[in-house]
Amino acid sequence: MRKLVKCALTVQEPKPIPLVLVPFSLFELIQVFAMEEKMSWAVSDAVDYKGFPADRSKTGGWVPAALILGVEICERLSTMGIAVNLVTYLGGTMHLPSSTSANTVTDFMGTSFLLCLLGGFLADSFLGRYRIIAIFALIQTLGTAMLAISTKLPRLRPPPCQPARPCEQADGLQMGILYLALNLVALGTGGLKSSVSGFGTDQFDDKDEKEKAQMAYFFNRFFLFISVGTLTAVTVLVYVQDEVSRSIAYGACSVAMLVAILVFLSGTRRYRYKKCSGSPIVQIMQVVAASNKKRGLEVPYDAGCLYEDGPEGSRIHHTDQFQCGCLDKAAIVAEGGFMKGGHNSAPNPWKLCSVTRVEEVKMMIRLLPVWATTIIFWTTYAQMITFSVEQASTMERSIGSFQIPAGSLTVFFVAAIMITLAVYDRFIMPVWKKWKGKPGFSHLQRIAIGLFLSTLGMSAAAITERKRLSVTASVGLDNTTLPVSVFLLIPQFFLVGSGEAFIYTGQLDFFITQSPKGMKTMSTGLFLMTLSLGFFISSFLVSVVKKVTGTGAGQGWLADNINYGRLDCFYGLLTVLSLVNFVVYLVCAAWYKPQNPKPTMQMEKIGNGSSMEEKV
């Protein structure tokens, strides 16, 4: 069947008239100079708290950005302080089985990162980053306060275990209040993590060389504050939870966040604000909807017949990738594609999208294979804050008269990250630059190294657990503290931690640099979603393994008490899955090539109202 397809043409940008040819009066010259002076102090794409153009001398810069960092350090303090030591509270106080405790922790972390998508969507489309930070910081404060209350009141936890009777698990009301508190903290974390770094960078103008250098300094301090918050959480806060009181520790998090909120609000007049530009998720839905409505049409052979209206400097030229998906049909000009007024009016974004918009969606699709093969790393990472902490709780942790809290073993994570990054920066990068002429490993190479190290970490964890179980068998399964040093766990913490140093920076670099400019928030959301899915997959694997291996007289690999289980087999399963995933990743990385499209000739007749028709 023959269909008529209008050949859409790009709008020609008017050529600037040379200034010397335009006669100016004295009044007009004064206006021009006044406008130039205004442009010198105004930040082009930012406004102040009143909605006026932001004054460069009165808004933004390092001081307002520093006020934002207090919220980030308190968010890390709360989230990590809860996550790394929650499994011991669930097992020791709430009397939950080890598998249920581990799943509760991974579900909490997975929900926290998944809700980053909600926070990013609300910030981009409706509320802006400033309001999101203020609102979700209050939500997290409410969550940690509720957690402090639930761990303080005796009615909100089961009675302690007695020798004459079995331990009583927490009832529905007790667990319901605990879950509500954890979900409030997760909601607050998701909103903050989606906006804090972005709002910090909003305080700098990347078009100004001085402020661009300050932005790099801000990023360094941002990651430093993340490390400081994490270190404080896994050392000081975990110690207070175990040796003083959990309610005091969680209450301190609430007070610290309230102070951080007041500090943050004090900079309201000094901040620069960016206007909401719309969510990339909506833009992707528009391309899919527009292509679906024109699924009966055929894409013209000449790509120049597709619609394009963006400025020449920001256009992405047409490519032939994913033709089977027919996304190119979204750029075909058909009846109803424009608002009222014909071709001279604005296009209906749900019926007609530009080539650039379609290509942006294609670029995001090309990221998905690499994205999918990085999820398994965060599944192995989840074991370090769940089962590895349970392992530590059964091992000898004393140094003289001081006993190391089991949750504080995750400090080796932070140490591994810092050591790895220092070695990479000071030794590997100079050698690699001298040998290969490049400043360091590419983002795909760093991801590969991270995946490989995590595979080694899981194999080391399986070997260590086999050693622990052999000691358990010799001294008795009911022995609460085994005569084996907790420092045997260092290799698995260090290998997975070093892997995180490579894969975190590699993923972040990959998703930001390889995504279109208009979808940076979306690409960051994809990155954080790998963390979320990794934790959820961990919960799924634990549930499946528990059900499959727990039949019969035994309790299976993941027993309620890990001394009665075969955690080494579970670690071995994760080693095999990580190895298979690593091979698949190498295939996907070899398939992926940075976009290098061929420029296409664009016809330029639609600007004067004429059009062509092509018979397909």
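The values are calculated or read from the model by the stated rules, or taken from the named source; none is laboratory data. Please read these numbers as outputs of a predicted model, since none were measured by experiment. Please note: Cβ atoms are built from the backbone with ideal geometry, for glycine as well, and neighbour counts cover all protein chains shown. Areas reflect the complete protein model, heavy atoms only, side chains present, ligands, DNA and RNA absent. Shrake-Rupley method; radii C 1.70, N 1.55, O 1.52, S 1.80 Å.
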Segment 417-434, residues that are free of Cβ contacts under 8 Å to residues at least 12 places away in the same chain and open to solvent by less than 70 Å² (accessible area, probe 1.4 Å): Ala422, Val423, Met429, Pro430, Trp432
Complete set of residues in segment 263-281 that are open to solvent by 20 Å² or more (accessible area, probe 1.4 Å) and basic (Lys, Arg): Arg269, Arg270, Lys274, Lys275
Failed item, numbered, when Asn479 is tested on (1) within 22 Å of the chain's Cα centre (by Cα); (2) open to solvent by 50 Å² or more (accessible area, probe 1.4 Å): (1)
Selection within segment 435-473 - open to solvent by 70 Å² or more (accessible area, probe 1.4 Å) and of a type in the set (S, T, N, Q): Gln445
Scan of segment 287-307 for residues that are among the basic types (Lys, Arg) and open to solvent by less than 60 Å² (accessible area, probe 1.4 Å), ordered by number: Lys294
Selection from segment 146-193 of residues that are among the aliphatic types (A, V, I, L, M) and more than 24 Å from Phe113 (Cα to Cα): Ile149, Leu153, Leu156, Ala164, Ala170, Leu173
Filter result for the condition that a residue is among the hydroxyl-bearing types (Ser, Thr, Tyr) and under 21 Å from Ala372 (Cα atoms), over Ser578, Ser543: Ser578
Residue within segment 192-207 that is under 28 Å from Leu153 (Cβ atoms), touching a residue at least 40 places away in the same chain (Cβ under 8 Å) and not basic (Lys, Arg) present: yes
Every residue from segment 48-72 that is β-branched (Val, Ile, Thr) and modelled with pLDDT under 90: Val63
Only listed residue being within 30 Å of the chain's Cα centre (by Cα) and either more than 30 Å from Gln203 (Cα to Cα) or open to solvent by 40 Å² or more (accessible area, probe 1.4 Å) (or both), chosen from Ile365, Ile332, Ile316, Ile284: Ile365
Among the residues listed as Leu488, Leu531, the single one being open to solvent by 50 Å² or more (accessible area, probe 1.4 Å), in contact with a helix residue (DSSP H, G or I) (Cβ under 6 Å, 6 or more places away or on another chain) and part of a helix (DSSP H, G or I): Leu488
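Here's the yes/no breakdown for (1) under 27 Å from Gly534 (Cβ atoms); (2) crowded, with 22+ Cβ neighbours inside 10 Å:
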{"site": "Thr111", "(1), (2)": "yes, no"}
{"site": "Leu114", "(1), (2)": "yes, no"}
{"site": "Leu117", "(1), (2)": "yes, no"}
{"site": "Arg129", "(1), (2)": "yes, yes"}
{"site": "Leu153", "(1), (2)": "no, no"}
{"site": "Ile177", "(1), (2)": "no, no"}
Residues being in a helix (DSSP H, G or I), over 23 Å from Ile135 (Cα atoms) and open to solvent by 20 Å² or more (accessible area, probe 1.4 Å) - total across segment 63-100: 4
Qualifying residue in segment 154-169 (condition: small (Gly, Ala, Ser) and more than 30 Å from the chain's Cα centre (by Cα)): yes
Number of the condition not met by Leu122 [criteria: (1) open to solvent by 10 Å² or more (accessible area, probe 1.4 Å); (2) at pLDDT 90 or above; (3) within 15 Å of Gly188 (Cβ to Cβ); (4) of a type in the set (A, V, I, L, M, F, W, C)]: (2)
Of all residues in segment 261-280 being closer than 16 Å to Gly51 by Cβ and polar (S, T, N, Q), the one that is nearest to the chain's Cα centre (by Cα): Ser277
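Matching residues to (1) aliphatic (A, V, I, L, M); (2) within 18 Å of the chain's Cα centre (by Cα); (3) surrounded by fewer than 17 Cβ atoms within 10 Å (Cβ to Cβ); (4) assigned to a helix (DSSP H, G or I):
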position: Ala145; (1), (2), (3), (4): yes, no, no, yes
position: Ala181; (1), (2), (3), (4): yes, no, no, yes
position: Leu184; (1), (2), (3), (4): yes, no, no, yes
position: Thr189; (1), (2), (3), (4): no, yes, no, yes
position: Asp205; (1), (2), (3), (4): no, no, no, no
